[in-house]
1. Quick one: of the DSSP bridges fully inside the range 2-175, what percent are antiparallel, nearest 5?
2. Please order SER12, SER143 by the number of other Cβ within 10 Å, starting at the fewest.
3. If each DSSP helix of 4+ residues adds -39,500 (n - 2.57) and the sum is divided by the residues in the chain, what number results at 222 nm, nearest 500 deg cm²/dmol?
4. Would you mind working out the magnitude of the charge dipole of the chain relative to its Cα centre, with +1 at each Lys and Arg C-beta and -1 at each Asp and Glu C-beta, to the nearest 20 Debye?
5. Among VAL74, VAL123, VAL5, which comes first, then next, by fewest other beta-carbon atoms within 10 Å?
6. Can you tell me what percent of all Cα-Cα pairs in the chain are more than 21 Å apart?
Amino acid sequence: MKNIVTIGGSTSKNSINKVLAEYAGSLLKNVNLTKVDLNNFEMPLFSVDIESDQGYSKGAIELNQLFEKADGFVISLAEHNGAYSAAFKNTYDWLSRIEGNVWRNKPMLLLSTSPGVMGGKFVMEIATNKFPRMGANIVGSMSIPSFYDNFKDGNIVNVELKGELLKRIEELENSL
């Protein structure tokens, strides 16, 4: 059985991106999900001085090991001021120091959502341009606008969005 890592790109206890990543992961057939909560992987603010003086934090090493064992990823990025959340960016910086090929060329479904109508499209643009440089094999991507209108009772209620997500899920399954 394939192992898929899901990550919501924020540390919010009520992260809608974590909800979306885990929901999308649950739609995959015949996989084991490893649900990553960034709060469980403590890392200091990235600095080459900290890296030089202290090495890699336990949290960064453990998360890197999960990435190594993964067969694929479902990532949903929170957008903070048009870019990654500080927590995700810090995590990404640390992981790239341990292994430059952060995503290991493994299949990835890249998502984003927000309460607003843009659905995190700006962070999605950044990620679709940057992630492949760090080994992302993005096989599907999608932004979900107006999360609270389109996601209710643990499910996407907008028929068109649900259909599009199911197509992206199928693309990921076919690439595993």
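Read-outs: derived from the displayed coordinates by stated rules, not from any lab. Worth saying up front: this structure is predicted, and the values here are computed from it rather than measured. Neighbour counts are summed over all protein chains in view; Cβ atoms, including those assigned to glycine, are modelled from backbone coordinates with ideal geometry.
1. 10 percent
2. Result, fewest neighbours first: SER12, SER143.
3. One gets -12500 deg cm²/dmol as the mean residue ellipticity at 222 nm.
4. 260 debye
5. Fewest-to-most Cβ neighbours within 10 Å comes out as VAL5, VAL123, VAL74.
6. Looking at the chain, the distances longer than 21 Å represent 44 percent of pairs.
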